[in-house]
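The values are calculated or read from the model by the stated rules, or taken from the named source; none is laboratory data. Bear in mind that the values here come from a model prediction, so they are computed numbers and not experimental data. With ideal geometry, Cβ positions are generated from the backbone for all residues, glycine too; neighbour counts draw on all protein chains shown.
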Amino acid sequence: MSDTVNIDSEAPTELLNTPEENVLHYVLPPNVMHDAVGELAEFILKNAGRPMVLDGSSVHQVGSQGAQLLAMATRSWAEEDIPFVLQDPNGSVGICLQDLGLSDFIELGAQEDQPQ
């Protein structure tokens, strides 16, 4: 897994003024539950305070622990005014967070329009 993300014109606005070598990139697994939450928590804690992008493009399910972790990390980074982007191009993360009642607490980036 790469620990940097390439910054280009398609990058989230929050990251455009952040040097590429300072941005961490983490690809979320298809199911953000149980063991995956522990691994994600370890990554987030180890890299606290660094700009990061979490790629949710392969996510199908987010459990309550995973959603709480994402909500807490999003809030912590926002309080410190550090870029923290949760990319959700297929909308699956947003649907899971909405189902858990947490969609108001987490701003998602890079979403495609979903059919109604």
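Numbers below:
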quantity	calculated
Residue among VAL85, VAL59 that is crowded, with 19+ Cβ neighbours inside 10 Å, in contact with a Ser or Thr (Cβ under 8 Å, 6 or more places away or on another chain) and not in a helix (DSSP H, G or I)	VAL59
Residues within the stretch 26-56 that are over 16 Å from LEU108 (Cβ atoms), out of contact with any helix residue (DSSP H, G or I) (no Cβ under 8 Å at 6 or more places or on another chain) and surrounded by 15 or more Cβ atoms within 10 Å (Cβ to Cβ), tallied	2
Residues being within 18 Å of ASP81 (Cα to Cα), touching a strand residue (DSSP E or B) at 6+ places or on another chain (Cβ under 6 Å) and touching a residue at least 24 places away in the same chain (Cβ under 8 Å) - total across the stretch 26-53	3
Only one of LEU102, LEU97 that is in a loop (DSSP other than H, G, I, E, B), modelled with pLDDT under 85 and surrounded by 12 or more Cβ atoms within 10 Å (Cβ to Cβ)	LEU102
Filtered residues of the stretch 62-82 (kept if within 19 Å of GLY94 (Cα to Cα), surrounded by 15 or more Cβ atoms within 10 Å (Cβ to Cβ) and aliphatic (A, V, I, L, M))	VAL62, ALA67, LEU69, LEU70, ALA71, ALA73
Verdict on LEU70 being at pLDDT 85 or above, among the aliphatic types (A, V, I, L, M) and not in a helix (DSSP H, G or I)	no
